[in-house]
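Note sheet for the following structure.
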Amino acid sequence: MITKKQVIDTLYNRLITLEPIEGEYVTSIYEWEWQQGVSLYTTYKMYKMTGEKKYLDFILEWYDRMIKEGIPERNVNTTAPFLTMAFLAEDKIESSIDFEKYVKNHAEWIIKKFPLTTDGGFQHLTREYIHREQIWADTVYMTVLFLAKAGKYLNKKEYIDEAIYQAMVHIKYLTDTRTGLFYHGWSFMEEEKELGKYHWARGNSWITMGIPELLEIIGEDIDKRSERFLKEAYVRQVKILIDYQNNDGMWHTIITNRASYLETSATAALACGILKGVNLGLIDQVYYFNAFMGVRYIIDNYLESNGDLKNVSYGTPIGINEEHYMKIPFCQAPYGQTNMLLALIELKETENFHKGFTMPWKEQN
């Protein structure tokens, strides 16, 4: 039997040592991108949960190192690391870095200069491509959460209102009304009308996690109609997710296609979003068990003794068919360990797990 804390320690110790390996799909923790941004936010959550200084020390060291290297051009994905900055600024954490200045500047850029699609959605701008007239599910977690938190911290209602609108416009166009699940992406261009219209699991998970996070960040600064819209979309999605959950607790990389492989990072993130909803009272306690099953199965079958995770799919652009998603290779990337940590944070402290092989911290008989 192993404890929640032991699993967290194993995953976290691997997360902060991830470095590229020649010939293998391994992503470094030291890069100013979405993967690392989500990892920082997770580390901050662990700091707040435990009070352990090692988590805060890593965050501050990461920002110091990456700012010295130079913050890259602004886009959806490079917005993710700014989210934790807003929390650090609010906490008045002592640092040589002026977190408030960075938060103010970046939030203002989003409001004034972020490229928009038809209907005013955040265009999924990245380092590599402008993705003209495209919106992606990822943006809800990578950019919208930051804008909402910046609005709360800076007391800027227009930022909060824009974050709410962006969440709603993404849900409007990404919702598959036949299932209640979300498409990975949407293009307003007629020649790209089939692009991204697939129920990719990790794409869905950014919204499953994103809506409860957004509602928690905003608190009472949301009108009742918008709050109802977001809650209804979330609850509808969760109910359908349970219908497609594998008997072992996992989800397939294409949620509705059982011929597609089981995917670890998506299962962990979907479990996190469900657990967060339970903890916030958005959904019934009965869903806790479904989420726990997914986390437990990953620990028992996909977690290696060094903290590596199997069946984590590589970074995935939107595709034109299901085969595109089913051919994405596996990798070691920060969002693998991070999504598991996010799920574990939401689990009850008393949870324990069985493990089929000897872990480095497991007592020997």
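Of the peptides 29-35, 14-20, 279-285, how do they stack up when ordered by the mean number of other Cβ atoms within 10 Å, highest first? Please list the in-between numbers first.
Numbers: 29-35: 20.3, 14-20: 17.0, 279-285: 14.3.
Listed from highest to lowest mean packing, they are 29-35, 14-20, 279-285.
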Exercise. In whole angstrom, how far apart do the alpha carbon centroids of the stretch 109-141 and the stretch 169-212 sit?
Worked result: 14 Å
Problem set entry | Residues of type aspartates and glutamates that residue 193 reaches as a straight line, Cα spacing below 18 Å, ignoring anything fewer than 8 places off in the same chain | 119, 133, 176, 322, 323
For this session: With a point put 7 Å past each Cα toward its Cβ, work out how far residue 94 is from residue 48 in nm, to one decimal.
Result: 2.2 nm
For this session: Would you work out which of 293, 315, 282 lies farthest towards the positive end of the dipole of the stretch 262-333, given +1 charges on the beta-carbon of Lys and Arg and -1 on that of Asp and Glu, about the Cα centre?
Result: 282
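Work out the FRET efficiency for residue 354 and residue 17 from their Cβ-Cβ distance, taking R0 = 22 Å, and round it to the nearest 0.05. Write down the numbers at each step before the final one.
Values: r = 26 Å, r/R0 = 1.19.
FRET efficiency, residue 354 to residue 17: 0.25.
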For this session: Place +1 on the Cβ of every Lys and Arg and -1 on the Cβ of every Asp and Glu in the chain, take the dipole about the Cα centre, and give the residue among 79, 303, 51 whose Cα lies farthest towards its positive end.
Result: 51
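Rounded to whole Å and ordered largest first, report the semi-axes of the equivalent ellipsoid of the chain derived from its Cα gyration tensor (root of 5λ).
Details: eigenvalues 159, 127, 83 Å².
The equivalent ellipsoid of the chain has semi-axes of 28, 25, 20 Å.
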Problem set entry | Charged-residue dipole, Cβ positions (Lys, Arg, Asp, Glu), the stretch 2-353 about Cα centre, Debye nearest 20 | 640 debye
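Arranged from highest to lowest average of other beta-carbon atoms within 10 Å per residue, in what order do the peptides 173-182, 326-335 appear?
On the way: 173-182: 17.2, 326-335: 18.8.
Packing order, densest peptide first, comes out as 326-335, 173-182.
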Problem set entry | Relative packing of 203-212, 129-138, which averages over residues the other C-beta atoms within 10 Å, highest first | 203-212, 129-138
For this session: Return the distance in nm (one decimal) between the two label points of a simple spin-label model at residue 225 and residue 157, each offset 7 Å from Cα along Cα→Cβ.
Result: 1.6 nm
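When only C-alpha pairs under 8 Å and at least 6 residues apart count, what is the relative contact order of the stretch 2-353, in percent?
Relative contact order for the stretch 2-353 comes out at 20 percent.
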Problem set entry | Label-to-label distance, nm, for residues given as residue 247 and residue 194 (7 Å Cα→Cβ offset) | 3.4 nm
For this session: Treat the stretch 1-56 as a sphere of radius equal to its Kirkwood radius over Cα pairs and apply Stokes-Einstein at 20 °C in a medium of 1.002 mPa s; give the translational diffusion coefficient in µm²/s, rounded to a whole number.
Result: 172 µm²/s
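Counting only helical runs of four or more DSSP H residues, what would the 222 nm mean residue ellipticity of the chain come to if each run contributes -39,500 (n - 2.57) and the total is spread over all its residues? Don't skip to the answer; put the middle values down first.
Working: 13 runs with 194 residues, N = 365.
Calculated at 222 nm, the ellipticity per residue is -17500 deg cm²/dmol.
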Problem set entry | Set of lysines with alpha-carbon distance to residue 112 below 25 Å, sequence-local pairs under 8 removed | 101, 104, 149, 152, 156, 157, 172
For this session: Provide the FRET efficiency to the nearest 0.05 for the residue 112-residue 64 pair, computing r from the beta carbons and using R0 = 25 Å.
Result: 0.35
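How much length is gained if the chain between residue 178 and residue 105 is pulled fully straight, taking 0.36 nm per residue apart and subtracting their Cα-Cα distance, in nm to one decimal? Before the final figure, lay out the partial values.
Values: separation 73, 0.36 × 73 = 26.28 nm, distance 4.08 nm.
Taking 0.36 nm per residue and subtracting the Cα distance, the gain is 22.2 nm.
Hey, what D do you get for the stretch 142-226 in µm²/s if you plug the Kirkwood alpha-carbon radius into Stokes-Einstein at 25 °C and 0.890 mPa s? Please list the in-between numbers first.
On the way: Rh = 13.7 Å.
My calculation gives 179 µm²/s for D.
Where a number appears in this text, it was derived from the coordinates with a stated rule and is not lab data. Bear in mind that the values here come from a model prediction, so they are computed numbers and not experimental data. When we count neighbours, we look across all protein chains shown, and the Cβ atoms used for this are built from the backbone with ideal geometry, even at glycine.
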